Amino acid sequence: MYSILMPGLCLLFAQCQSDDTVSAESFLANAVDITVMGETLIIDNQSGHSISYFAVEAEYAARIDWAPISQDSHTIADGQLKDIPWSEIVPAATVKSGDEIIVYWWPTQPGIAKSEELQYRNIKL
């Protein structure tokens, strides 16, 4: 009996979830485009939401602890582009052509973003 009831309860629970927050699926479905032009990353936010971002060299990302906290200096309004010079990618002193960069983004919000809100893309410079 337990095995019969469990799928039904899970389905019922999933249908009762609030749509007040941005789901990871809808955030992925909306466009955040990242391109490299010269020594600049360009983030084009067409996600329908203001986003915050963090750009870090991939090998360095494996060695640091960080939290997705929104700051005005790392926020892009919906419909806006932001140019990010390589000197603003962590760690700035060592980023060079050919490096792999990870750009993380999440909906701008107070406090720390939840892991399911965090999106990322690997970019080769």
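Only the coordinates and a few stated rules stand behind these numbers; no lab work does. None of the values given here were measured: they were computed from a predicted structure. Note: ideal-geometry Cβ built from the backbone for every residue, glycine included; neighbour counts use all protein chains shown.
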Flagged in the range 49-73 as surrounded by 15 or more Cβ atoms within 10 Å (Cβ to Cβ) and either among the hydrophobic types (A, V, I, L, M, F, W, C) or under 18 Å from residue 117 (Cβ atoms) (or both), in numbering order, are 49, 50, 51, 52, 53, 54, 55, 56, 61, 68, 70
How do the pairs read when you match residues in the range 30-59 that are closer than 17 Å to residue 125 by Cα and without any contact (Cβ under 8 Å) to a residue 60 or more places away in the chain with residues anywhere that are in a strand (DSSP E or B) and of a type in the set (S, T, N, Q), using Cβ under 6 Å and keeping only pairs 6 or more apart or on different chains? 42/35
For residues that are surrounded by 13 or more Cβ atoms within 10 Å (Cβ to Cβ) and either out of contact with any strand residue (DSSP E or B) (no Cβ under 6 Å at 6 or more places or on another chain) or of a type in the set (Lys, Arg) (or both), scanning just the range 81-104, find the one that is nearest to residue 44 (Cα to Cα). 82
Give the residues of the range 92-125 that are in a loop (DSSP other than H, G, I, E, B) and in contact (Cβ under 8 Å) with a residue 24 or more places away in the chain, sorted by residue number. 95, 96, 97, 98, 99, 108, 109, 110, 111, 113, 118, 125
